[in-house]
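**Q** The structure under discussion is supplied below as structure tokens; questions concerning it will follow.
The values are calculated or read from the model by the stated rules, or taken from the named source; none is laboratory data. The structure displayed is predicted, hence computed values, not measured ones. Cβ coordinates were reconstructed from backbone atoms using ideal geometry, including for glycine residues, and neighbour counts include every protein chain displayed.
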Protein chains: 2
Amino acid sequence: MTNAGTPSRPDSGTNLDPWYGLYADRTAGLSASEVRALFAVASRPEVVSLAGGMPFVSGLPAELVAGAFERMMRDNGPQALQYGSGQGVPALREQILEVMALEGIRASVDDVVVTTGSQHALELVSKLFLNPGDVVLAEGPSYVTAMVVFNSFQADINHVPMDEFGLIPQALREAIARIKAAGKTIKFLYTIPSFSNPAGVTLTWERRLEVLEICRDNEILVLEDNPYGLLYFDSPPPHAMRSVDEDGVIYLGTFSKTLAPGFRVGWALAPHAIREKLILANEAAVLSPSSFSQLMISEYLSAADWKGQIDTFRGIYQERRDAMLSALAEFLPQLRWTVPGGGFYVWATLPDNMDSKAMLPRAVRELVAYTPGTAFYADGSGRNNIRLSFCYPTPEFIREGIRRLSTVINGEIDLLNTFSQTTPLATVPLKQGIASPPSNIG
Amino acid sequence: MTNAGTPSRPDSGTNLDPWYGLYADRTAGLSASEVRALFAVASRPEVVSLAGGMPFVSGLPAELVAGAFERMMRDNGPQALQYGSGQGVPALREQILEVMALEGIRASVDDVVVTTGSQHALELVSKLFLNPGDVVLAEGPSYVTAMVVFNSFQADINHVPMDEFGLIPQALREAIARIKAAGKTIKFLYTIPSFSNPAGVTLTWERRLEVLEICRDNEILVLEDNPYGLLYFDSPPPHAMRSVDEDGVIYLGTFSKTLAPGFRVGWALAPHAIREKLILANEAAVLSPSSFSQLMISEYLSAADWKGQIDTFRGIYQERRDAMLSALAEFLPQLRWTVPGGGFYVWATLPDNMDSKAMLPRAVRELVAYTPGTAFYADGSGRNNIRLSFCYPTPEFIREGIRRLSTVINGEIDLLNTFSQTTPLATVPLKQGIASPPSNIG
């Protein structure tokens, strides 16, 4: 049936891939992330997964989705089934302005480009801006699949350190000076200023202004990714950086966390000139984002109490965050961790010479999963860090997961102490940088 | 509110775009297609548009969509709302095998990658394979937004001539020899072998085998794009090229024409080694294709008579094809055109020194739109060609559209004859290459 094995088939490279010699240079940078392999492991029902970033979609009443579907098919059936504009459905773009207004953003509907999740906005912006070797500045630690995208366009990712108040402006200045001195071009700063993934920290308002000023002075675009801003627990985060800089910021938003990721609808709000190119790139990539998904969301926003639904989600996630912080204080008081004011993640620091990636198989044997810290750095940092997600499991499972994790970590500490009698690991100074406020909750 | 106009804002390039100097090199290749501007014009209700490629989605009964939605939410609601696999929903991939079996393809479910329309498969394959300057071979004429993608990755598009039996194998050999002699690397051949867009012609079985052999001998991957194969009128097209070559062909399929484009669900069937990289590229770009769209389609395929629905579409489009061919014979007998055995398009050839792009504003004034032939070539060819779509308007509107077009074309011929008395244009030899069979229908 096939021509496999004919002598004329190209076979440069490996036997496994006859087309090995034909890939683009950039394809070498496209590798499976450490988080990816975890999805398979963590989906086993007996494992408590503190690894993934899946929102708790069961918190969304099915009748809200059904109502949106019925109205959409009644009023806009043919439009929902058809190709649409490469920029997105105009009615939805108007509604997106209302969503962004909650975080202080005033914008024109003309500058909103709907994308296939905000992930695709990351891809499109990277395609528009990144030549091989260009530098992208990213928080350290940073969102793993953003770095996968930057790498896939052969960018040189440089991290800027954070503390519990987010990106450190002075460290940003120093990084820029060092990179410029090396003769490299910095294209943009990628940041998740509110309830960051994975660190769970929030950039203060003063620092937002300072970071914008530094980037403006250095002709660096700011790529502000804000999936979690509306999912705050105690008090809202500072206004979006975009709220005070419409020319220097590309802002990314999404319905994945405030509604549901299955629709794959996000957006970019871009400076006017960039917006036009973004639409062209979007059209080349997908012709138009899904009309069906967009009109579903537009109907939902029109008729449902979407702000009330976000309040519901905030309550759910706050309860889970509290469960995680309590369990950490109860079972793992010897660690340090961040105290997120919103979002999905806690970032924990293990004793200095522990290796969270090497420990993961033992954790899975104990039926708990997390994401090793190295996944969130392009430079091998994060060896003794872990990201703990509280978004998906119930509070009971979170507590049980942390309990199982404590067994693993304490066992690990005992084991390492056995092999290094002189310096008990539990007393080694903890890694600096991101750290919890003075007193951990609980 | 903003910092517009601060002296430190970068302003290299134009005043309109302060970020002009920061774009990647590839962004220069990203330009608006000629078809794009037409969408705005052709959407005015008084214009008969023979320009777009919109399927007639109103031919799909709304109750089939509603039934799929209800079953999906009942059985798989949380899954539909959640992130999914970067490769696509397994159940849908199994069903895609059944769809492809209709065109002779046997494959493993492991080698199917679901994408955001087959357009996104084009983008991902291009990202995986194209370095700047790499050659892509494409039929002349070829699908306009495929060429937009290739250009956006800085490819060098070389056309291979077609006749009424599709791509000409000897011309392919000559093109390869010429390009290789120039020291360039050919990455793949892009082809729509069945009812091509825009030419409306179909590659014969003998030529399919010959083209595969030529590509195999020259280590060129074949990118077989097959949106229209199941929409045949008189008899099915030859089996897909992929049916006899599983190692040398990346096959692209879509539900956009046999169901509805609003879901944005297509797929790639790739050789095993390539498949893995395609999944990684898909994850980087969109994390996962829409679970909601995929499960809608999976439910539809499970419960609805989808083959019967394709028969319905075939009947609708056949009637429209016939209406167009009859109207061409009645109103524009002095032209030549292809006689498509399926799909959406007729390719017509105007007298030699006419310029279809220059004529378009006059056509729109007469309330008819078409796509100028130059849109389908990367090299400026197609000046006296037009693509006429019969997919969307009713037979009555198609006839009226061709009648209006005849007014424009005949007026144009009269005008040109007035300025060039010695050589009446209507008798100038017609462009060779794609031509209708000896006798036009009607």
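**Q** Please enumerate the residues belonging to region B:269-294 that are within 21 Å of residue A:263 (Cα to Cα), among the hydrophobic types (A, V, I, L, M, F, W, C), out of contact with any Phe, Trp or Tyr (no Cβ under 7 Å at 6 or more places or on another chain) and crowded, with 24+ Cβ neighbours inside 10 Å. Please lay out each step first, then the result.
**A** Going through region B:269-294, the residues within 21 Å of residue A:263 (Cα to Cα) turn out to be B:279-294.
Retained after the next criterion (residues that are among the hydrophobic types (A, V, I, L, M, F, W, C)): B:279-281, B:284-287, B:292.
Pick out the ones that are also out of contact with any Phe, Trp or Tyr (no Cβ under 7 Å at 6 or more places or on another chain) and you get B:279-281, B:284-286.
Hits for region B:269-294 are B:281, B:284, B:285, B:286.
**Q** For region B:218-249, which positions are assigned to a strand (DSSP E or B) and either among the charged types (D, E, K, R) or under 21 Å from residue B:307 (Cα atoms) (or both)?
**A** Kept after step one, since they are assigned to a strand (DSSP E or B), are these residues of region B:218-249: B:221-225, B:232, B:249.
Hits for region B:218-249 are B:224, B:225, B:232.
**Q** Where residues in region A:232-260 are crowded, with 24+ Cβ neighbours inside 10 Å and among the hydrophobic types (A, V, I, L, M, F, W, C), which of them is nearest to residue B:78 (Cα to Cα)?
**A** Across region A:232-260, the extreme among qualifying residues is A:260.
**Q** Continuing with the same structure: Got a sec? Which of A:241, A:324 is of a type in the set (A, V, I, L, M, F, W, C) and not assigned by TED's automatic domain parsing to the domain that holds residue A:122? Walk me through it before giving the result.
**A** Numbers: A:241 fails: not assigned by TED's automatic domain parsing to the domain that holds residue A:122.
Among A:241, A:324, only A:324 is of a type in the set (A, V, I, L, M, F, W, C) and not assigned by TED's automatic domain parsing to the domain that holds residue A:122.
**Q** Here's another thing I want to ask about it. Can you tell me which residues in region B:283-316 are closer than 30 Å to residue A:121 by Cα and among the β-branched types (Val, Ile, Thr)?
**A** B:286, B:297
**Q** Quickly run through region B:305-324 and pick out the residues that are touching a Pro at 6+ places or on another chain (Cβ under 9 Å) and of a type in the set (A, V, I, L, M).
**A** Residues satisfying the conditions are B:323, B:324.
**Q** Of everything in region A:167-199, what is among the small types (Gly, Ala, Ser), surrounded by 24 or more Cβ atoms within 10 Å (Cβ to Cβ) and either outside any loop (DSSP other than H, G, I, E, B) or out of contact with any helix residue (DSSP H, G or I) (no Cβ under 9 Å at 6 or more places or on another chain) (or both)? Give them in sequence order.
**A** Going residue by residue through region A:167-199, those that are among the small types (Gly, Ala, Ser) are A:171, A:175, A:177, A:181-183, A:194, A:196, A:199.
Now restrict to residues that are surrounded by 24 or more Cβ atoms within 10 Å (Cβ to Cβ): A:194, A:196, A:199.
If the condition is that a residue be among the small types (Gly, Ala, Ser), surrounded by 24 or more Cβ atoms within 10 Å (Cβ to Cβ) and either outside any loop (DSSP other than H, G, I, E, B) or out of contact with any helix residue (DSSP H, G or I) (no Cβ under 9 Å at 6 or more places or on another chain) (or both), then A:194, A:196 are the ones that fit.
**Q** Just give me the residues in region A:388-408 being touching a Leu at 6+ places or on another chain (Cβ under 8 Å) and under 15 Å from residue A:332 (Cβ atoms), in sequence order.
**A** Filtering region A:388-408 for residues touching a Leu at 6+ places or on another chain (Cβ under 8 Å) gives A:388-390, A:393, A:398, A:401-402, A:404-406.
Result: A:388, A:390, A:398, A:401, A:402, A:404, A:405, A:406.
**Q** If you go through region B:60-72, how many residues are within 9 Å of another protein chain (Cβ to nearest Cβ), crowded, with 21+ Cβ neighbours inside 10 Å and not in a loop (DSSP other than H, G, I, E, B)?
**A** Filtering region B:60-72 down to residues within 9 Å of another protein chain (Cβ to nearest Cβ) leaves B:60, B:62, B:65-66, B:69-70.
Right, trim to crowded, with 21+ Cβ neighbours inside 10 Å and you get B:60, B:65, B:69.
Right, trim to not in a loop (DSSP other than H, G, I, E, B) and you get B:65, B:69.
Selection size over region B:60-72: 2.
**Q** Would a scan of region A:44-57 turn up a residue that is in contact with a helix residue (DSSP H, G or I) (Cβ under 7 Å, 6 or more places away or on another chain), free of Cβ contacts under 8 Å to residues at least 40 places away in the same chain and within 11 Å of another protein chain (Cβ to nearest Cβ)? Step through it out loud before you land on a result.
**A** Within region A:44-57, the subset in contact with a helix residue (DSSP H, G or I) (Cβ under 7 Å, 6 or more places away or on another chain) is A:47-52, A:55-57.
The next check asks that each one be free of Cβ contacts under 8 Å to residues at least 40 places away in the same chain; those that pass are none.
No, the conditions are met nowhere in region A:44-57.
**Q** Within region B:93-149, restricting attention to residues that are among the hydroxyl-bearing types (Ser, Thr, Tyr), within 20 Å of the chain's Cα centre (by Cα) and within 14 Å of another protein chain (Cβ to nearest Cβ), which residue is farthest from residue B:259 (Cα to Cα)? Don't jump to the end; show me each part of the working.
**A** To start, the set of residues in region B:93-149 that are among the hydroxyl-bearing types (Ser, Thr, Tyr) comprises B:108, B:115-116, B:118, B:126, B:142-143, B:145.
This time we only want the ones that are within 20 Å of the chain's Cα centre (by Cα), so: B:115-116, B:118, B:126, B:142-143, B:145.
Now drop any that are not within 14 Å of another protein chain (Cβ to nearest Cβ), which leaves B:115-116, B:118, B:126, B:143, B:145.
Details: B:115: 15, B:116: 14, B:118: 13, B:126: 26, B:143: 20, B:145: 21 Å.
Per the criteria, the residue is B:126.
**Q** Which of the strands (runs of 3 or more DSSP E) contained wholly in region B:85-165 include at least 3 residues that are over 22 Å from residue A:148 (Cβ atoms)?
**A** Values: elements: B:112-115, B:135-140, B:156-163.
Per the criteria, B:135-140, B:156-163.
**Q** Select from region A:289-323 the residues that are in contact (Cβ under 8 Å) with a residue 12 or more places away in the chain, over 24 Å from the mean Cα position of the chain (by Cα) and not in a helix (DSSP H, G or I) and list them in ascending order.
**A** A:304
**Q** The conditions are (1) over 23 Å from residue A:372 (Cβ atoms); (2) touching a residue at least 60 places away in the same chain (Cβ under 8 Å); (3) among the aliphatic types (A, V, I, L, M), and residue A:201 fails exactly one of them. Which is it?
**A** (1)
**Q** Tally up the residues in region B:200-216 that are surrounded by 24 or more Cβ atoms within 10 Å (Cβ to Cβ) and aliphatic (A, V, I, L, M), please.
**A** The total comes to 3.
**Q** Here is a further query. Against the condition on the phi > 0 side of the Ramachandran plot and buried (at least 19 other Cβ atoms within 10 Å of the Cβ), how does residue A:219 come out, does it pass?
**A** So residue A:219 passes the test.
**Q** Here are some conditions: (1) assigned to a helix (DSSP H, G or I); (2) more than 8 Å from chain A (Cβ to nearest Cβ); (3) in contact with a Ser or Thr (Cβ under 6 Å, 6 or more places away or on another chain). Residue B:252 meets all but one. Which one does it not meet?
**A** (1)
**Q** Let me ask you something else. For region B:101-113, state whether one or more residues are polar (S, T, N, Q), farther than 21 Å from residue A:392 by Cα, surrounded by fewer than 17 Cβ atoms within 10 Å (Cβ to Cβ) and modelled with pLDDT of 95 or more.
**A** Checked region B:101-113: at least one residue is polar (S, T, N, Q), farther than 21 Å from residue A:392 by Cα, surrounded by fewer than 17 Cβ atoms within 10 Å (Cβ to Cβ) and modelled with pLDDT of 95 or more.
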